[in-house]
Amino acid sequence: MNTRQLATRTLVQSITATIVFLIAWLVVTNGKILLTFFGGILIAVLFRESASWIGHKTGFKSKFLLPVTIIAPFVLVGLFFAYTAPQISAQGEELMERIPQADTYINEHLSGLPWGTQLKENLTNLSSADSEVSTVVNAVSSVFSSTLNGFGSFIFALFLGLFLAVNPDWYIKGAVTLVPPARRERIREVLGACGRALSGWLVAKIASMVLVGILTTLGLWALGTDLALVLGVIAALLSFIPNIGPILGFIPAAMVSVITGLDTLLYVSILYFAVQMIESYVLTPMLQAELADLPPALTLFAQVALGAMVGMAGILLAAPLCVAAMIFINKLYVEDILEKPSENRQTEHEQTN
(Lines give C-alpha, C1' and ligand atoms only; values in the text may rest on other atoms or scores of the structure.)
Protein backbone atom coordinates (compact mmCIF):
# COMPACT_ATOMS: atom_id res chain seq x y z
CA MET A 1 0.00 0.00 0.00
CA ASN A 2 1.55 3.31 -1.11
CA THR A 3 1.39 6.63 0.70
CA ARG A 4 -1.52 7.95 -1.36
CA GLN A 5 -3.66 4.87 -0.73
CA LEU A 6 -2.86 5.01 2.97
CA ALA A 7 -3.81 8.69 3.13
CA THR A 8 -7.07 8.02 1.27
CA ARG A 9 -7.94 5.13 3.57
CA THR A 10 -7.17 7.22 6.66
CA LEU A 11 -9.33 10.05 5.33
CA VAL A 12 -12.25 7.71 4.65
CA GLN A 13 -11.99 6.19 8.14
CA SER A 14 -11.84 9.65 9.71
CA ILE A 15 -14.89 10.84 7.78
CA THR A 16 -16.79 7.67 8.70
CA ALA A 17 -15.95 8.07 12.39
CA THR A 18 -17.01 11.72 12.26
CA ILE A 19 -20.33 10.84 10.63
CA VAL A 20 -21.02 8.13 13.21
CA PHE A 21 -20.20 10.57 16.02
CA LEU A 22 -22.48 13.23 14.53
CA ILE A 23 -25.34 10.77 14.15
CA ALA A 24 -24.92 9.62 17.77
CA TRP A 25 -24.79 13.25 18.92
CA LEU A 26 -27.95 14.08 16.96
CA VAL A 27 -29.80 11.09 18.41
CA VAL A 28 -28.87 12.03 21.99
CA THR A 29 -29.37 15.79 21.77
CA ASN A 30 -32.14 16.01 19.18
CA GLY A 31 -33.91 12.71 19.62
CA LYS A 32 -37.40 14.23 19.58
CA ILE A 33 -36.77 15.98 16.27
CA LEU A 34 -35.49 12.78 14.66
CA LEU A 35 -38.41 10.78 16.04
CA THR A 36 -40.84 13.39 14.71
CA PHE A 37 -39.20 13.03 11.31
CA PHE A 38 -39.52 9.25 11.57
CA GLY A 39 -43.19 9.69 12.48
CA GLY A 40 -43.63 11.68 9.27
CA ILE A 41 -42.03 8.85 7.33
CA LEU A 42 -44.48 6.38 8.92
CA ILE A 43 -47.44 8.52 7.90
CA ALA A 44 -46.11 8.84 4.34
CA VAL A 45 -45.54 5.09 4.12
CA LEU A 46 -49.09 4.41 5.30
CA PHE A 47 -50.60 6.77 2.70
CA ARG A 48 -48.46 5.52 -0.20
CA GLU A 49 -48.79 1.81 0.51
CA SER A 50 -52.54 2.13 1.07
CA ALA A 51 -52.89 3.78 -2.34
CA SER A 52 -50.71 1.08 -3.94
CA TRP A 53 -52.73 -1.72 -2.33
CA ILE A 54 -56.07 -0.24 -3.42
CA GLY A 55 -54.68 0.36 -6.91
CA HIS A 56 -53.50 -3.25 -7.12
CA LYS A 57 -56.95 -4.51 -6.13
CA THR A 58 -58.97 -2.13 -8.31
CA GLY A 59 -56.69 -1.52 -11.29
CA PHE A 60 -56.56 2.25 -10.79
CA LYS A 61 -53.26 4.11 -10.73
CA SER A 62 -51.98 4.75 -7.23
CA LYS A 63 -51.25 8.42 -7.93
CA PHE A 64 -54.97 9.02 -8.47
CA LEU A 65 -55.84 7.09 -5.30
CA LEU A 66 -53.34 8.91 -3.08
CA PRO A 67 -55.71 11.85 -2.34
CA VAL A 68 -58.37 9.31 -1.37
CA THR A 69 -56.06 7.51 1.07
CA ILE A 70 -55.04 10.85 2.57
CA ILE A 71 -58.56 12.23 2.99
CA ALA A 72 -60.34 8.96 3.90
CA PRO A 73 -58.78 8.50 7.39
CA PHE A 74 -59.74 12.03 8.42
CA VAL A 75 -63.29 11.57 7.10
CA LEU A 76 -63.70 8.20 8.86
CA VAL A 77 -62.30 9.50 12.15
CA GLY A 78 -64.48 12.61 11.86
CA LEU A 79 -67.62 10.55 11.22
CA PHE A 80 -66.79 8.21 14.10
CA PHE A 81 -66.31 11.00 16.60
CA ALA A 82 -69.29 12.94 15.24
CA TYR A 83 -71.44 9.90 15.91
CA THR A 84 -69.91 8.94 19.25
CA ALA A 85 -68.78 12.38 20.51
CA PRO A 86 -71.83 12.93 22.77
CA GLN A 87 -71.38 9.52 24.39
CA ILE A 88 -67.60 9.83 24.67
CA SER A 89 -67.86 13.37 26.06
CA ALA A 90 -70.48 12.41 28.65
CA GLN A 91 -68.63 9.25 29.64
CA GLY A 92 -65.31 11.12 29.73
CA GLU A 93 -66.74 13.70 32.14
CA GLU A 94 -68.16 10.91 34.26
CA LEU A 95 -64.78 9.18 34.23
CA MET A 96 -63.09 12.34 35.54
CA GLU A 97 -65.73 12.59 38.27
CA ARG A 98 -65.32 8.97 39.28
CA ILE A 99 -61.55 9.00 39.65
CA PRO A 100 -61.70 11.02 42.93
CA GLN A 101 -64.48 8.70 44.10
CA ALA A 102 -62.27 5.72 43.37
CA ASP A 103 -59.45 7.37 45.32
CA THR A 104 -61.77 7.86 48.31
CA TYR A 105 -63.02 4.29 48.02
CA ILE A 106 -59.49 2.90 47.98
CA ASN A 107 -58.45 5.03 50.97
CA GLU A 108 -61.44 3.84 52.99
CA HIS A 109 -60.65 0.21 52.29
CA LEU A 110 -56.95 0.71 53.01
CA SER A 111 -57.86 2.07 56.43
CA GLY A 112 -59.48 -1.24 57.31
CA LEU A 113 -56.36 -3.27 56.52
CA PRO A 114 -53.50 -3.85 59.00
CA TRP A 115 -50.88 -2.51 56.61
CA GLY A 116 -53.15 0.05 54.98
CA THR A 117 -52.69 2.77 57.61
CA GLN A 118 -48.90 2.61 57.39
CA LEU A 119 -49.05 2.73 53.60
CA LYS A 120 -51.29 5.81 53.68
CA GLU A 121 -48.94 7.53 56.15
CA ASN A 122 -45.95 6.86 53.91
CA LEU A 123 -47.78 8.23 50.88
CA THR A 124 -48.88 11.28 52.87
CA ASN A 125 -45.33 11.97 54.06
CA LEU A 126 -44.05 11.57 50.52
CA SER A 127 -46.60 13.95 49.05
CA SER A 128 -46.20 16.55 51.82
CA ALA A 129 -42.55 17.17 50.99
CA ASP A 130 -43.61 20.08 48.77
CA SER A 131 -46.45 22.53 48.94
CA GLU A 132 -49.72 21.10 47.67
CA VAL A 133 -50.45 24.20 45.63
CA SER A 134 -47.08 24.22 43.90
CA THR A 135 -47.35 20.49 43.26
CA VAL A 136 -50.73 20.87 41.58
CA VAL A 137 -49.59 23.87 39.55
CA ASN A 138 -46.44 22.09 38.41
CA ALA A 139 -48.39 18.97 37.49
CA VAL A 140 -50.99 20.91 35.50
CA SER A 141 -48.37 22.99 33.70
CA SER A 142 -46.32 19.89 32.92
CA VAL A 143 -49.33 18.06 31.47
CA PHE A 144 -50.36 21.13 29.47
CA SER A 145 -46.84 21.64 28.14
CA SER A 146 -46.42 17.98 27.21
CA THR A 147 -49.82 17.90 25.50
CA LEU A 148 -49.08 21.08 23.55
CA ASN A 149 -45.64 19.84 22.49
CA GLY A 150 -47.04 16.46 21.52
CA PHE A 151 -49.81 18.05 19.45
CA GLY A 152 -47.32 20.33 17.72
CA SER A 153 -45.02 17.40 16.93
CA PHE A 154 -47.97 15.42 15.54
CA ILE A 155 -49.04 18.29 13.26
CA PHE A 156 -45.45 18.67 12.02
CA ALA A 157 -45.15 14.91 11.39
CA LEU A 158 -48.52 14.94 9.60
CA PHE A 159 -47.53 17.70 7.18
CA LEU A 160 -44.12 16.11 6.69
CA GLY A 161 -45.83 12.82 5.88
CA LEU A 162 -48.08 14.56 3.35
CA PHE A 163 -45.10 16.11 1.55
CA LEU A 164 -43.20 12.82 1.54
CA ALA A 165 -46.23 10.87 0.32
CA VAL A 166 -46.88 13.17 -2.65
CA ASN A 167 -43.44 12.67 -4.24
CA PRO A 168 -41.37 10.06 -2.37
CA ASP A 169 -39.11 9.28 -5.34
CA TRP A 170 -37.67 12.78 -5.19
CA TYR A 171 -36.52 12.33 -1.59
CA ILE A 172 -35.38 8.74 -2.13
CA LYS A 173 -33.30 9.82 -5.12
CA GLY A 174 -31.70 12.57 -3.05
CA ALA A 175 -30.84 10.14 -0.26
CA VAL A 176 -29.46 7.54 -2.68
CA THR A 177 -27.12 10.05 -4.34
CA LEU A 178 -25.26 10.36 -1.02
CA VAL A 179 -23.82 6.85 -1.40
CA PRO A 180 -21.27 5.60 -3.99
CA PRO A 181 -22.76 4.82 -7.43
CA ALA A 182 -21.97 1.12 -7.09
CA ARG A 183 -24.18 0.87 -3.99
CA ARG A 184 -27.09 3.07 -5.07
CA GLU A 185 -29.27 0.33 -6.51
CA ARG A 186 -28.77 -1.78 -3.38
CA ILE A 187 -29.66 1.13 -1.10
CA ARG A 188 -32.78 1.81 -3.16
CA GLU A 189 -33.73 -1.85 -2.80
CA VAL A 190 -33.21 -1.75 0.98
CA LEU A 191 -35.26 1.45 1.32
CA GLY A 192 -38.09 -0.21 -0.62
CA ALA A 193 -37.97 -3.27 1.63
CA CYS A 194 -38.01 -1.02 4.70
CA GLY A 195 -41.04 0.86 3.38
CA ARG A 196 -42.94 -2.37 2.72
CA ALA A 197 -42.09 -3.72 6.18
CA LEU A 198 -43.22 -0.52 7.92
CA SER A 199 -46.42 -0.45 5.87
CA GLY A 200 -47.26 -4.05 6.72
CA TRP A 201 -46.50 -3.44 10.38
CA LEU A 202 -48.72 -0.35 10.49
CA VAL A 203 -51.68 -2.03 8.79
CA ALA A 204 -51.43 -5.08 11.04
CA LYS A 205 -51.11 -2.91 14.14
CA ILE A 206 -54.14 -0.80 13.24
CA ALA A 207 -56.19 -3.95 12.63
CA SER A 208 -55.09 -5.29 16.02
CA MET A 209 -55.99 -1.99 17.72
CA VAL A 210 -59.48 -1.98 16.20
CA LEU A 211 -60.14 -5.56 17.31
CA VAL A 212 -58.84 -4.87 20.82
CA GLY A 213 -61.15 -1.85 21.08
CA ILE A 214 -64.17 -3.82 19.88
CA LEU A 215 -63.51 -6.79 22.19
CA THR A 216 -62.92 -4.53 25.20
CA THR A 217 -66.03 -2.43 24.58
CA LEU A 218 -68.27 -5.46 24.05
CA GLY A 219 -66.83 -7.20 27.11
CA LEU A 220 -67.33 -4.19 29.37
CA TRP A 221 -70.85 -3.71 28.00
CA ALA A 222 -71.66 -7.39 28.68
CA LEU A 223 -70.40 -6.99 32.26
CA GLY A 224 -72.62 -3.94 32.71
CA THR A 225 -69.63 -1.69 33.36
CA ASP A 226 -70.19 2.02 32.99
CA LEU A 227 -68.19 4.04 30.43
CA ALA A 228 -67.70 0.96 28.23
CA LEU A 229 -67.28 2.96 25.03
CA VAL A 230 -64.71 5.45 26.28
CA LEU A 231 -62.75 2.72 28.07
CA GLY A 232 -62.75 0.65 24.88
CA VAL A 233 -61.44 3.60 22.86
CA ILE A 234 -58.69 4.17 25.46
CA ALA A 235 -57.73 0.48 25.35
CA ALA A 236 -57.59 0.53 21.53
CA LEU A 237 -55.42 3.65 21.35
CA LEU A 238 -53.00 2.52 24.05
CA SER A 239 -52.63 -0.95 22.52
CA PHE A 240 -50.45 0.74 19.87
CA ILE A 241 -47.71 0.71 22.52
CA PRO A 242 -46.38 -2.86 22.89
CA ASN A 243 -45.89 -4.29 26.40
CA ILE A 244 -46.78 -1.08 28.26
CA GLY A 245 -49.99 -0.03 26.48
CA PRO A 246 -52.30 -2.77 27.81
CA ILE A 247 -51.27 -1.95 31.39
CA LEU A 248 -51.93 1.75 30.88
CA GLY A 249 -55.29 0.95 29.30
CA PHE A 250 -56.32 -1.19 32.28
CA ILE A 251 -55.73 1.54 34.88
CA PRO A 252 -58.81 3.73 34.10
CA ALA A 253 -61.01 0.63 33.82
CA ALA A 254 -59.81 -0.52 37.24
CA MET A 255 -60.47 2.94 38.73
CA VAL A 256 -64.04 2.91 37.40
CA SER A 257 -64.90 -0.69 38.29
CA VAL A 258 -63.49 -0.61 41.83
CA ILE A 259 -66.25 1.82 42.87
CA THR A 260 -68.91 -0.79 42.09
CA GLY A 261 -67.12 -3.43 44.11
CA LEU A 262 -64.15 -5.72 44.25
CA ASP A 263 -66.08 -8.43 42.39
CA THR A 264 -66.58 -6.08 39.44
CA LEU A 265 -62.88 -5.22 39.53
CA LEU A 266 -62.10 -8.94 39.40
CA TYR A 267 -64.35 -9.51 36.38
CA VAL A 268 -62.91 -6.49 34.55
CA SER A 269 -59.38 -7.70 35.32
CA ILE A 270 -60.21 -11.12 33.87
CA LEU A 271 -61.70 -9.45 30.78
CA TYR A 272 -58.61 -7.32 30.13
CA PHE A 273 -56.37 -10.33 30.71
CA ALA A 274 -58.45 -12.39 28.25
CA VAL A 275 -58.35 -9.64 25.61
CA GLN A 276 -54.59 -9.38 26.04
CA MET A 277 -54.22 -13.15 25.65
CA ILE A 278 -56.36 -13.07 22.49
CA GLU A 279 -54.27 -10.20 21.13
CA SER A 280 -50.98 -11.93 21.98
CA TYR A 281 -51.76 -15.54 21.05
CA VAL A 282 -54.46 -15.22 18.36
CA LEU A 283 -54.28 -11.83 16.62
CA THR A 284 -50.49 -11.45 16.70
CA PRO A 285 -49.76 -14.93 15.24
CA MET A 286 -52.34 -14.30 12.51
CA LEU A 287 -50.64 -11.00 11.65
CA GLN A 288 -47.10 -12.17 12.42
CA ALA A 289 -45.93 -11.94 8.80
CA GLU A 290 -46.87 -8.26 8.75
CA LEU A 291 -45.65 -7.53 12.28
CA ALA A 292 -42.08 -8.44 11.24
CA ASP A 293 -41.76 -10.97 14.09
CA LEU A 294 -40.30 -8.46 16.56
CA PRO A 295 -38.60 -10.07 19.57
CA PRO A 296 -40.45 -8.84 22.71
CA ALA A 297 -37.21 -8.37 24.66
CA LEU A 298 -35.74 -6.20 21.88
CA THR A 299 -38.90 -4.08 21.71
CA LEU A 300 -38.97 -3.64 25.49
CA PHE A 301 -35.29 -2.65 25.58
CA ALA A 302 -35.87 -0.10 22.80
CA GLN A 303 -38.87 1.31 24.69
CA VAL A 304 -36.88 1.72 27.90
CA ALA A 305 -33.84 3.22 26.15
CA LEU A 306 -35.76 5.63 23.92
CA GLY A 307 -38.18 6.48 26.71
CA ALA A 308 -35.27 7.46 28.95
CA MET A 309 -33.74 9.61 26.19
CA VAL A 310 -36.73 11.36 24.63
CA GLY A 311 -39.79 10.48 26.71
CA MET A 312 -43.18 9.27 25.47
CA ALA A 313 -42.33 9.76 21.79
CA GLY A 314 -39.57 7.17 22.13
CA ILE A 315 -41.94 4.67 23.74
CA LEU A 316 -44.55 5.20 21.00
CA LEU A 317 -42.15 4.77 18.08
CA ALA A 318 -39.80 2.15 19.54
CA ALA A 319 -41.50 -0.79 17.77
CA PRO A 320 -41.53 0.66 14.21
CA LEU A 321 -37.95 1.85 14.74
CA CYS A 322 -37.01 -1.74 15.57
CA VAL A 323 -38.74 -2.88 12.36
CA ALA A 324 -36.71 -0.44 10.27
CA ALA A 325 -33.47 -1.23 12.11
CA MET A 326 -33.92 -4.98 11.60
CA ILE A 327 -34.39 -4.48 7.85
CA PHE A 328 -31.26 -2.35 7.53
CA ILE A 329 -29.16 -4.70 9.68
CA ASN A 330 -30.33 -7.85 7.87
CA LYS A 331 -29.85 -6.37 4.40
CA LEU A 332 -26.73 -4.23 4.75
CA TYR A 333 -24.81 -6.10 7.46
CA VAL A 334 -25.89 -9.74 7.54
CA GLU A 335 -26.43 -10.24 3.81
CA ASP A 336 -23.88 -7.82 2.35
CA ILE A 337 -21.04 -8.18 4.86
CA LEU A 338 -21.34 -11.46 6.73
CA GLU A 339 -22.88 -13.77 4.12
CA LYS A 340 -21.63 -12.39 0.80
CA PRO A 341 -17.88 -12.93 1.48
CA SER A 342 -18.53 -16.56 2.38
CA GLU A 343 -20.57 -16.98 -0.81
CA ASN A 344 -17.74 -15.46 -2.85
CA ARG A 345 -15.19 -17.77 -1.24
CA GLN A 346 -17.43 -20.77 -1.92
CA THR A 347 -17.80 -19.72 -5.58
CA GLU A 348 -14.04 -19.28 -5.95
CA HIS A 349 -13.46 -22.69 -4.36
CA GLU A 350 -15.91 -24.35 -6.78
CA GLN A 351 -14.27 -22.62 -9.76
CA THR A 352 -10.82 -23.78 -8.60
CA ASN A 353 -12.01 -27.38 -8.35
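Assorted remarks:
- Meets criteria (over 30 Å from Leu300 (Cα atoms), touching a residue at least 40 places away in the same chain (Cβ under 8 Å) and either in contact with a His (Cβ under 8 Å, 6 or more places away or on another chain) or surrounded by fewer than 18 Cβ atoms within 10 Å (Cβ to Cβ) (or both)) for Leu223: yes
- Annotation: Ser208 fulfils all but one of (1) at pLDDT below 85; (2) small (Gly, Ala, Ser); (3) under 30 Å from Ile251 (Cβ atoms); the unmet one is (1).
- Filtered residue count, the range 295-313, keeping only those that are closer than 26 Å to Pro285 by Cα and surrounded by 14 or more Cβ atoms within 10 Å (Cβ to Cβ): 6
- Across the range 215-224, not a single residue is classified as under 17 Å from the mean Cα position of the chain (by Cα), within 30 Å of Ile270 (Cβ to Cβ) and at pLDDT 85 or above.
- Test: residue in the range 54-63 that is among the aliphatic types (A, V, I, L, M), modelled with pLDDT under 85 and either farther than 24 Å from Leu321 by Cβ or surrounded by 14 or more Cβ atoms within 10 Å (Cβ to Cβ) (or both): yes
- The range 55-71 residues that are outside any helix (DSSP H, G or I), paired with ones that are surrounded by 10 or more Cβ atoms within 10 Å (Cβ to Cβ) (beta carbon under 7 Å, 6 or more apart): Lys61/Gly55
The values are calculated or read from the model by the stated rules, or taken from the named source; none is laboratory data. Here the structure is a predicted model, which means the values were calculated and not measured. Neighbour counts run over all protein chains shown; Cβ positions are idealised from the backbone, glycine included.
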